[in-house]
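Asks: Shown below is the structure under consideration.
The values are calculated or read from the model by the stated rules, or taken from the named source; none is laboratory data. Note that the structure is predicted; figures quoted are calculated from it, not measured. For neighbour counting, all protein chains shown are included, and Cβ atoms are generated from backbone atoms with ideal geometry for every residue, glycine included.
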């Protein structure tokens, strides 16, 4: 199952920025040890560093959303590796390597905003396109969390 969570307020310590010309291979061991690593909550149900989470995680920040001009959650997820989005001129549908067959209506995806489920009540569909109930400018970050028995995305 894929879970989408929207975080509207900052819930993590921002990673230390490195200059574009500076690479990790050029840093000393002391500099590497002082780098801050982002935290996630959705992978195990408690806050932990991304490097310790038992899953593959992709994070899209609010800065990324503004820089790329994303207007919908579907636009954001379209650029996540392994994901694809289709649009039938009414709704956007998310596919994740084998999940997202025609007629599923995003019902294999759990959409959460700050931990509260937003899937609609009739088809249990996650609304990702223009029908998504929030403006993406309010999203602090999107976490796509892939685990052993499920796929999760935390926004």
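Asks: If you check residue 60 against the conditions, is it at pLDDT below 90 and not in a loop (DSSP other than H, G, I, E, B)?
Replies: When the stated conditions are applied, residue 60 passes them.
Asks: Within segment 23-32, is even one residue closer than 19 Å to residue 134 by Cα and at pLDDT 80 or above?
Replies: Among the residues of segment 23-32, not one is closer than 19 Å to residue 134 by Cα and at pLDDT 80 or above, which makes the answer no.
Asks: Do we have residue 67 as without any contact (Cβ under 8 Å) to a residue 60 or more places away in the chain and part of a helix (DSSP H, G or I) here?
Replies: yes
Asks: Looking at segment 96-145 only, could you name the residues that are modelled with pLDDT of 80 or more, exposed (fewer than 15 other Cβ atoms within 10 Å of the Cβ), in contact with a strand residue (DSSP E or B) (Cβ under 7 Å, 6 or more places away or on another chain) and not in a strand (DSSP E or B)?
Replies: Scanning segment 96-145 gives a single hit, 134.
Asks: Applying the selection to segment 70-91, what residues are exposed (fewer than 13 other Cβ atoms within 10 Å of the Cβ) and assigned to a helix (DSSP H, G or I)?
Replies: The answer is none; no residue qualifies.
Asks: Which residues, taken from segment 57-69, are out of contact with any helix residue (DSSP H, G or I) (no Cβ under 7 Å at 6 or more places or on another chain) and surrounded by 14 or more Cβ atoms within 10 Å (Cβ to Cβ)?
Replies: The answer is 58, 59, 61, 62, 64.
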